[in-house]
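Report on one structure; see the data block that follows.
Just so it is clear, none of the values below were taken in a lab; they were calculated from the coordinates. Note that the structure is a prediction, hence the values are computed from the model and not measured. Cβ: placed from backbone, ideal geometry, glycine included. Neighbour counts: every protein chain shown.
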Amino acid sequence: MSATLSMLRSAPRTAVRSYSSSFQPQRKVTILGAAGGIGQPLSLLMKLNPLVSSLSLYDIAGTPGVAADVSHVNTLAQVSGFAGEEQLGKALEGSDLVIIPAGVPRKPGMTRDDLFNINAGIVKSLSAAIAKFCPNALVNMISNPVNSTVPIAAEVFKKAGMFDEKKLFGVTTLDVVRAKTFYAGKANVEASEVDVPVVGGHAGITILPLFSQVTLKSKTLSDEEIKALTKRTQDGGTEVVEAKAGKGSATLSMAYAGAIFADACLKGLNGVPDVVECSFVQSSVTELPFFASKVRLGKNGVEEVLGLGPLSDHENQGLQSLIPELKASIEKGIKFAKES
Ligand code: NAD
Ligand code: LMR
């Protein structure tokens, strides 16, 4: 506990020093849905990020309060709060990175696809505003169902004539975070020592962790244990939804994961070499137009979509099984954006 507190206390000083001495570019990050369960802790984590010079917090309501609160933290980022549709343009103008955790979360018994009817419309209108007010920004899509909301955003951007496939990301980092934690727990090692690619999409069986490629391979884990870890990773979101018993889905671990992914995007923009994270992006790795895999990030967003590497038989089966579901979710998003 005291280590955590001292880390937080020293973060601002480190941030100011490294910012002022290394001439990092000014970076504006905007969070859409900033007053929500994910939005609030994510706002705090982005305020702590020394790469952020301007932090713009937007929601339909409540953001002036969140912004005032977060703005008192002793780091360099200037925080502004915007509420209501008439302030959306101002919130977005000049953004380098837009993070979208806007929309409704699951309740027990729901699938992510059950959120489509409400969240598709929210994502569509926010994407139209991004196309208008900050067409060059990178976009990190958190709103579910990610397997459909990313294709929706892509269609909106195409209609607006500014789609750049290098700049649109579905955030699947929480699947990687979970795979690392669950594997580390089973193998009795530190999660920080483990890395596991998670590919496919972000719902149920479309989440495919590649434990055969784990960086710290434990000889003691059996095939059955790997299958159980795969299932737990695929059901990680549901585990939290059920534990929260009607009070929403993952917010704190998602804010952590979202902050990791946003930091990677900013590092890429700033020219830091070899920044690699998994993300759901436009892809030719499989027959599907969008797919999550390792992606190298650079000054323009996606620099390279990396291949899957060698798969175990179990992973190969998982890949074949996920294709029809992921294909249907992608097509549903495209159809919605084209027809609505
Ligand atoms: P929440 O209800 O706590 O917060 C959502 C926020 O979005 C609210 O503050 C709401 O006012 C805001 N909002 C609604 N419509 C908006 C609009 N048009 N413009 C701006 N803001 C708007 O929900 P949450 O727990 O923060 O979850 C948000 C979304 O993130 C859900 O769809 C959830 O399923 C998804 N999620 C994704 C992942 C992932 O791994 N990608 C993980 C967890 C949650
Ligand atoms: C998650 O994986 O935690 C999110 O997609 C939220 C959910 O509905 O499970």
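Pick out the long, greasy-scoring helices in the chain: whole DSSP H runs spanning 20 Å or more along their own axis by Cα, mean Kyte-Doolittle at least 0.0. If you can, show how the numbers build up before the last one.
Numbers: long enough: 2-22 (29 Å, -0.20); 116-133 (25 Å, 0.97); 173-187 (21 Å, 0.10); 252-269 (26 Å, 1.21); 313-339 (40 Å, -0.72).
Those that pass (Cα extent of 20 Å or more, hydropathy at least 0.0) are 116-133, 173-187, 252-269.
Could you go through region 98-114 in sequence order and give the Karplus-derived ³J(HN,Hα) for each residue, using 6.51 cos²θ - 1.76 cosθ + 1.60 with θ = phi - 60°, rounded to whole Hz, and x for Gly and Pro?
10, 10, 10, x, 8, x, 8, x, 6, 10, x, x, 8, 9, 4, 5, 5
Can you tell me the order of 307-313, 129-135, 283-289 when each peptide is scored by its average per-residue count of other Cβ atoms within 10 angstrom, highest first?
Details: 307-313: 13.3, 129-135: 19.3, 283-289: 14.9.
So the order, starting with the most tightly packed, is 129-135, 283-289, 307-313.
Using only the Cα atoms of the chain, what are the Rg and Dmax in Å?
Over the chain's Cα set, Rg and Dmax evaluate to 19.2, 58 Å.
Gain in length, Asp69 to Glu239, computed as 0.36 nm per residue apart minus the alpha-carbon separation, to one decimal in nm? Display every interim value, and only then the final one.
Working: separation 170, 0.36 × 170 = 61.20 nm, distance 3.09 nm.
Taking Asp69 through Glu239 to full extension adds about 58.1 nm, to one decimal.
Below 8 Å between Cα atoms, with a sequence gap of 6+, how large is the relative contact order for the chain in percent? Walk me through the intermediate numbers first.
Values: 680 pairs, mean separation 55.6, N = 340.
Relative contact order here is 16 percent.
Amide H neighbours of Phe290 under 5 Å, counting only residues 5+ apart in sequence or on other chains, H built in-plane at 1.01 Å?
Here the answer is Ser283, since their amide H atoms fall under 5 Å of that of Phe290.
With charges only on Cβ, +1 for K and R and -1 for D and E, what is the dipole size of the chain about its Cα centre, in debye, rounded to 20?
Details: 34 positive and 32 negative charges, 129 e Å.
In total the dipole reaches around 620 debye.
Starting from the Cα of Leu252, step 7 Å along the direction of its Cβ; do the same at Leu221; then give the gap between the two resulting points in nm.
Going by the 7 Å Cα→Cβ label model, 2.4 nm.
Run the simple label-point estimate for Ile118 and Leu311 please: 7 Å along Cα→C-beta, distance reported in nm.
The modelled label-to-label distance comes out at 3.4 nm.
For region 134-168 and region 241-275, write down the distance between their C-alpha centroids in whole Å.
Cα centroid of region 134-168 versus Cα centroid of region 241-275: 17 Å apart.
Residues with amide H under 5 Å of Ile207's amide H, sequence separation 5 or more or different chain, H placed in the peptide plane at 1.01 Å from N; which?
When sequence neighbours closer than 5 places are left aside, the close amide H contacts are Gly201.
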